[in-house]
Structure formats: structure tokens, C-alpha cells
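Enquirer: One structure, pasted below without further comment.
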Amino acid sequence: MGTSSQIEAGAEGSIPRSFSLRQRISLWLITWAGYLLIRLICPTLRFKVIREPGCLSDGWGAPGGIWCFWHRCVIPAAYRLRKNGIAVMTSKSFDGEYIARIIQKLGYIPVRGSSSRAGAEALLGMRAQLEQGHSVSFTIDGPRGPRYVAKPGPVVLAKKTGVPVSCFYVAVERAWILNSWDRMVIPKPFSRAAFYGSSPIHVPPDAANEQMAELHQQMQESLERCRLRAEAVFSK
């Protein structure tokens with residue numbers, strides 16, 4: 001995701017890419033199909049919200065939070081947290097382009113980059129959004145996995161900004177499961193959904209490498225705890 005020195009030295013980037021006519025048509029179709037899917041299905045969901053002590057409101061009323069969640073629940077999460085001006089890291093790939101266009105329609109701020117491409121550059125963009133008072137969010141096992149393995153970007157960003165990291169997951173009672181690397185969930189209409197948010201993780205500005213590794217592991221455990229407890233709502 002990039003070292004601390006890279007984060008200080010780089011700059012926020014959103015390098016425009018040129019696409020072929022076929023790609024531009026595909027982007028238009030995928031963007032509108034994804035947006036309409038979310039807008040048609042997700043308003044029928046019935047949400048239950050569960051928060052650990054210190055967890056910010058799922059309405060994101062408090063500015064400047066660092067949030068992360070598993071890529072699998074991106075569809076219900078994108079709907080639940082829409083129109084809050086949250087900055088979201090998206091890759092500079094073709095997939096990242098249509099994701100950026102969809103989330104913009106939902107009121108998010110895309111910051112381009114990923115753990116594999118322009119990671120330090122994107123973290124600088126996320127830092128700039130925090131400084132402007134926005135919350136930021138990471139689909140932390142994206143863009144292509146491994147599934148349920150957290151990358152260290154939020155912990156690095158928390159160290160540089162003093163903003164704590166919180167995790168969440170949105171489980172859905174009834175859903176279609178895609179045969180993709182993340183086993184993405186597409187909620188079925190009129191299903192119940194459970195939003196589970198964790199207590200924040202504070203990262204000291206002078207944290208050494210060993211402590212950073214421990215905090216990264218703590219974030220990994222929080223992400224899995226959120227997933228398991230959200231899914232447990234419907235397993236009883």
C-alpha cells in the first residue's frame with residue numbers, strides 16, 4: 001500500500017484513462033445497470049443496525065472516520081451509506097472505472113488507486129479527504145483478493161492522521177451469491193439486512209513496525225468479527 005515516506009512525498013492522483021469505443025459503451029451499460037440494480041433492490045431491504053461501544057453512527061454523521069469492510073458486501077453497504085460524501089478508494093483498472101462511476105451517482109467521492117497500483121498516491125488522496133472533513137472507506141480485501149485478507153492501508157493512514165479505524169459488515173438474509181473471487185452478495189428484494197460496526201482502533205503516531213503489525217492484525221480480527229456477528233443475526 002506504500003510506505004509512510006511515500007505517503008508524505010506523493011500527491012493525490014486520478015489519472016484519466018482513454019478507453020476504446022467498445023469499452024466506453026461497456027462502461028455506460030455497466031454503470032447504469034449497477035446503479036439501477038442498487039436503486040431498485042436495496043430500498044426494499046429492512047436494516048438492523050448493531051454497533052459496538054464507540055462506533056460512529058452508520059449515518060456517518062461524525063466527520064473524518066476511517067472505515068473498512070469486506071468487498072463481498074459492497075452492494076448493500078453502498079446503498080446504506082450513500083449520500084454522505086464518503087471518499088472510497090477505487091482502482092485505476094477498467095473495473096475500478098465503472099465502480100467509480102456507480103458510486104459517484106450514489107454520492108461518494110472516488111479516490112483512484114489500489115494496493116497494487118498507485119497505492120501511496122491513493123492514500124495521499126484519502127488523507128486529503130480526511131483533512132477536508134470527509135470520512136473515508138476501504139473495501140479492504142479488494143480489488144481482487146484474497147478474500148477476507150485485510151491490506152494495511154487504513155492502519156498506515158490512521159498513523160499519519162490520528163484518525164481511528166473502524167470496521168463494519170452488512171449481512172443479508174436472502175441473496176444471490178456470485179461465482180466471483182469475493183463471492184459477492186446481491187440482496188434479494190424485501191430481504192432483511194444487518195449492519196454491524198466495530199469499536200474504533202487507535203493508532204499512535206509513533207507506532208513502530210511491530211506495533212503496526214499488531215494493529216493490522218487487530219483490524220483483521222475486527223473485520224471478521226463484524227462479518228460473523230452480522231451473519232449470526234440470520235443464522236439463529
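Enquirer: Restricting to the range 31-49, name every residue that is hydrophobic (A, V, I, L, M, F, W, C), open to solvent by less than 70 Å² (accessible area, probe 1.4 Å) and at pLDDT 95 or above.
Expert: Result: A33, L37, I38, I41, C42, L45, F47.
Enquirer: Can you name the residue in the range 98-109 that is touching a strand residue (DSSP E or B) at 6+ places or on another chain (Cβ under 9 Å) and open to solvent by less than 30 Å² (accessible area, probe 1.4 Å) and, of all such residues, is modelled with the lowest pLDDT?
Expert: Looking at the filtered set, the residue picked out is A100.
Enquirer: It is to be established whether one or more residues within the range 171-187 are out of contact with any Gly (no Cβ under 8 Å at 6 or more places or on another chain), closer than 29 Å to L123 by Cα, among the basic types (K, R) and not in a strand (DSSP E or B).
Expert: Yes, the conditions are met somewhere in the range 171-187.
Enquirer: Further, regarding this structure: Restricting attention to the range 188-200, which residues are basic (K, R) and assigned to a loop (DSSP other than H, G, I, E, B)? Outline the logic, then answer.
Expert: Here is the first cut: in the range 188-200, the residues basic (K, R) are 188, 192.
Hit for the range 188-200 is K188, nothing else.
Enquirer: Here are some residues: Q211, Q217, Q132. Which one is free of Cβ contacts under 8 Å to residues at least 12 places away in the same chain, closer than 23 Å to V111 by Cβ and open to solvent by 40 Å² or more (accessible area, probe 1.4 Å)? Quick ask: steps written out before the conclusion?
Expert: Numbers: Q211 fails: closer than 23 Å to V111 by Cβ; Q217 fails: closer than 23 Å to V111 by Cβ.
The conditions single out Q132.
Enquirer: Specify which of the listed residues (F168, F195, F190) is hydrophobic (A, V, I, L, M, F, W, C), in contact with a helix residue (DSSP H, G or I) (Cβ under 9 Å, 6 or more places away or on another chain) and open to solvent by 30 Å² or more (accessible area, probe 1.4 Å).
Expert: Every option except F190 fails the conditions.
Enquirer: Tell me yes or no: at least one residue of the range 140-161 is crowded, with 18+ Cβ neighbours inside 10 Å and among the aromatic types (F, W, Y).
Expert: Within the range 140-161, none of the residues are crowded, with 18+ Cβ neighbours inside 10 Å and among the aromatic types (F, W, Y).
The values are calculated or read from the model by the stated rules, or taken from the named source; none is laboratory data. Predicted, not measured: the structure shown is a model, and the values here were computed from it. Ideal geometry is used to build each Cβ from the backbone, glycine not excepted, and the neighbour counts take in all protein chains shown. With ligands, DNA and RNA removed, areas are computed over all heavy atoms of the protein, side chains included. Shrake-Rupley method; radii C 1.70, N 1.55, O 1.52, S 1.80 Å.
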